[in-house]
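**Q** The structure is given below, and queries will be raised subsequently.
The values are calculated or read from the model by the stated rules, or taken from the named source; none is laboratory data. Treat the numbers as computed from the prediction; the structure is a model and nothing was measured. Using ideal geometry, Cβ is built from the backbone for each residue, glycine included, and neighbour counts are taken over all protein chains shown. With ligands, DNA and RNA removed, areas are computed over all heavy atoms of the protein, side chains included. Shrake-Rupley method; radii C 1.70, N 1.55, O 1.52, S 1.80 Å.
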Amino acid sequence: MPPRQSAATRPRPGHAILDLGRSDRLRLVLVVTLGLIGAAANLAVPLLVRELISAVAEHRDVTGVVLAMAGLALSALVVTATATWLLQQTGERLILRVRCQVMDHILRLPLDVVRSHGAGALGTRLTTDAAHLRSLVDVGFAQLPVAAATAIATVTVMAVLSPTVTVVALLTLGPGAMFVRVATRKLRQRFQDLQQSTSALGQHVTATASALTTIKACVAEPRAAADFAEKATHLSVRTLSVARLQSMVTPVMALGNQVSMIAVVIVGGAQVSAGALPVSTFIAVLLCLFQLTVPLGVLEAGISRIQIGRAARRRFAELLATPAERAAPAAPETPLSDGGTAVEFRDVWFDYHGHPALRRVCLAVPGRGLTAIIGHSGAGKSTVLKLIERFIEPTRGTIHVLGRDIGNWPLHSLRRNVTYVDQEFTLLEGPIRLNLTLGLDPGLAEQRLWTALATVGLEQDIRRLPDGLDTHLGRNHDLSGGQRQRLALARALIRDTPLVVLDEPTSQMDTTNEAHLLRAMDALATDRAVLVVAHRLSTIQNATHVLVLEQGRVVGSGTHAELSLSCQHYRELLVGHRECAAALAPHRSRTDPAAVAGSTAVGRLVP
């Protein structure tokens, strides 16, 4: 769940989309104007009917009245249709603007905040909630004002025609209006709870789909179905809670209209019988009452939609009020001098949910060459890499990257100078070309792309795909785990940055492809800094500098030879590597050059 906000920092309900109607103000004014014109045309019909009845009773020519009625009806049709079309356009423009604004904000949020919300829940915000937000424009800014003005004008005309009948109509409609007002307050919170439950179900579906391979492998389909049914049932309960209250609004309003109609007929009929009210006027009042049901119906239906829109707006307000990644003022970049330090940690601490993940870390990564970070799982290796990219912020201490304090380095500039490959070897759903040129010029020369693919041993695999570099990944076509990781590494090769950060790049590679990677890292390390979280002996062997982490502390730093003599923990890690390699050695072919190289590496690494 997202972190709770204090009352002081909690956003106001109207803060989510600050200009809901501002950019379309003129269009909305035109819509309201056209709506009022159409309502006025419809409201004139009862008056013309009264005139028509009087003309017929007095044997006068009715041609002019009939033509006027026809003209008004046609004008109302054209004006109403135009207003409806403009309102649809305005609503769609709003949804597009909101979705783009919110997605831009999501992309700038810290990673832990995005993960706390969940991909499925954020997807619901951009789809369902955005559509609900439209109600605030087409209902709140247009339909409700027009309906309210129409209702007031209709009541005014009725009052002019017959004050007594009008008072009777209003008194009988009053109880229903009071009920609707009370229901409105209760619906607001219920709709907000409903949208939260909808987001939770969307997040659950996304997580289940992502884990479908594991679910099938564990024959856990019944358990997954039961978990989904539980959350879907919770959503159904919330939905029925809203529907139960909504189902009472329409019947109450209908009953109020019927009671009002009966009362008006009784009182008006009595006045007609007594000669106090002309028949033509009485019929005009009845027609006004009939027409009054239309704006009242719009007001009644708009209540639910407005509450849905307000709940969606509050949810957007909370999301948009979440602080984005901390920016830094623009400043001239400090170039890294030859032989300088690419990364330096000075007394860095990092707490994760109150527990220290890094403690008093001091380390330095040379500006040239390959630096390996090794340590047991949970030692803090990946945390170090995330701090370098400012995916997370240190609890205290300072970090310098390429000679600059990262706290004073604009994020976009920092990340353009650092190439990062995560241990999930993440790729985007889309063409291979897009994945290779991510953040770069999409028109990059193809030869450069193929060269990078060849370096990681992936060129022939990509050429065999149906559309080569334009093959879409993620649905019908996908790559194996090792291929996806090598594709992510090829992307790192294409980026020309002075610092390359790799998080366990060889975890899913066989010995052949590992050799491709080692050659690529050697080539990169000749003129830049390469920092790699390493588990393979071959990677550690090639490193010119090794950092040893244990329980969030740096317990060793230096070359392999230096650490072999001075760091007990380093020697223990190497023994673990040796035992693993020895267990695998009998299964490798003695004629396999990679196996021989691996055995030799073990012999050189273990003191």
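**Q** Please go through the range 77-111 and pick out each residue that is under 22 Å from Ala321 (Cα atoms) and of a type in the set (S, T, N, Q).
**A** Correct list: Gln101 only.
**Q** Within the range 71-116, count every residue that is under 30 Å from Val45 (Cα atoms), open to solvent by 30 Å² or more (accessible area, probe 1.4 Å) and among the β-branched types (Val, Ile, Thr).
**A** Of the residues in that region, 4 qualify.
**Q** Listed residues Ala220, Ala211, Ala229, Ala169; which is more than 25 Å from the chain's Cα centre (by Cα), open to solvent by less than 60 Å² (accessible area, probe 1.4 Å), among the hydrophobic types (A, V, I, L, M, F, W, C) and more than 26 Å from Ala254 (Cβ to Cβ)?
**A** Of the residues listed, the single one that is more than 25 Å from the chain's Cα centre (by Cα), open to solvent by less than 60 Å² (accessible area, probe 1.4 Å), among the hydrophobic types (A, V, I, L, M, F, W, C) and more than 26 Å from Ala254 (Cβ to Cβ) is Ala220.
**Q** Name the residues in the range 132-156 that are of a type in the set (A, V, I, L, M, F, W, C), open to solvent by 30 Å² or more (accessible area, probe 1.4 Å) and touching a residue at least 60 places away in the same chain (Cβ under 8 Å), would you?
**A** Initially, the range 132-156 is screened for residues of a type in the set (A, V, I, L, M, F, W, C), giving 133, 136-137, 139, 141-142, 144, 146-149, 151-153, 155.
Subset that is open to solvent by 30 Å² or more (accessible area, probe 1.4 Å): 141, 144, 148-149, 152-153, 155.
Selection gives Phe141, Leu144, Ala148, Ala149, Ala153, Val155.
**Q** Taking Thr154 as the residue in question, decide whether it is within 30 Å of Glu325 (Cβ to Cβ), of a type in the set (Val, Ile, Thr) and part of a helix (DSSP H, G or I).
**A** In short, no.
**Q** Among residues belonging to the range 424-473 that are among the aliphatic types (A, V, I, L, M) and over 13 Å from Ile494 (Cβ atoms), point out the one that is most open to solvent (accessible area, probe 1.4 Å).
**A** The first filter runs over the range 424-473 and keeps only residues among the aliphatic types (A, V, I, L, M), leaving 427-428, 432, 434, 436, 438, 440, 444-445, 449, 452-454, 456, 458, 462, 465, 469, 473.
Retained after the next criterion (residues that are over 13 Å from Ile494 (Cβ atoms)): 427-428, 462, 465, 473.
Numbers: Leu427: 21, Leu428: 76, Ile462: 0, Leu465: 37, Leu473: 6 Å².
In this case the residue turns out to be Leu428.
**Q** Continuing with the same structure: Taking Phe179 as the residue in question, decide whether it is within 30 Å of Ser236 (Cβ to Cβ), in contact with a His (Cβ under 9 Å, 6 or more places away or on another chain) and modelled with pLDDT under 80.
**A** Values: within 30 Å of Ser236 (Cβ to Cβ): yes; in contact with a His (Cβ under 9 Å, 6 or more places away or on another chain): no; modelled with pLDDT under 80: yes.
Taking the combined requirement at face value, the residue does not satisfy it.
**Q** When both residues are 6+ apart or on different chains and their Cβ atoms are under 6 Å apart, which pairs have a first residue that lies in the range 238-251 and is more than 13 Å from Thr184 (Cα to Cα) and assigned to a helix (DSSP H, G or I), and a second that is open to solvent by 70 Å² or more (accessible area, probe 1.4 Å) and not hydrophobic (A, V, I, L, M, F, W, C)?
**A** Final answer for the pair search is Ser241/Arg190.
**Q** Thr539 fails exactly one of the following numbered conditions: (1) polar (S, T, N, Q); (2) at pLDDT below 60; (3) open to solvent by less than 20 Å² (accessible area, probe 1.4 Å). What is the number of that condition?
**A** Just one mismatch for Thr539, condition (2).
**Q** I would also like to ask the following. What's the total number of residues in the range 340-368 that are over 29 Å from Val113 (Cβ atoms) and open to solvent by less than 10 Å² (accessible area, probe 1.4 Å)?
**A** 1
**Q** Moving on. When the residues of the range 403-423 are narrowed to those that are under 17 Å from Asp496 (Cα atoms) and not basic (Lys, Arg), which ends up most open to solvent (accessible area, probe 1.4 Å)? Quick ask: steps written out before the conclusion?
**A** From the range 403-423, those under 17 Å from Asp496 (Cα atoms) are 412-421; that's our starting set.
Those still in the list that are not basic (Lys, Arg) too: 412-414, 417-421.
Values: His412: 111, Ser413: 12, Leu414: 0, Asn417: 33, Val418: 4, Thr419: 3, Tyr420: 51, Val421: 10 Å².
It comes out as His412.
**Q** Considering each residue of the range 405-421, count those that are touching a helix residue (DSSP H, G or I) at 6+ places or on another chain (Cβ under 8 Å) and not β-branched (Val, Ile, Thr), and give that number.
**A** If we filter the range 405-421 for residues that are touching a helix residue (DSSP H, G or I) at 6+ places or on another chain (Cβ under 8 Å), which is where we start, we get 406, 414, 418-421.
If we keep only those that are not β-branched (Val, Ile, Thr) as well, we get 414, 420.
Residues in the range 405-421 being touching a helix residue (DSSP H, G or I) at 6+ places or on another chain (Cβ under 8 Å) and not β-branched (Val, Ile, Thr): 2 in total.
**Q** While we're on this one: For the condition of a type outside the set (A, V, I, L, M), touching a residue at least 12 places away in the same chain (Cβ under 8 Å), touching a helix residue (DSSP H, G or I) at 6+ places or on another chain (Cβ under 6 Å) and over 30 Å from Glu51 (Cα atoms), what is the one hit in Asp112, Asp129?
**A** Details: Asp112 fails: touching a helix residue (DSSP H, G or I) at 6+ places or on another chain (Cβ under 6 Å).
So the residue among Asp112, Asp129 that is of a type outside the set (A, V, I, L, M), touching a residue at least 12 places away in the same chain (Cβ under 8 Å), touching a helix residue (DSSP H, G or I) at 6+ places or on another chain (Cβ under 6 Å) and over 30 Å from Glu51 (Cα atoms) is Asp129.
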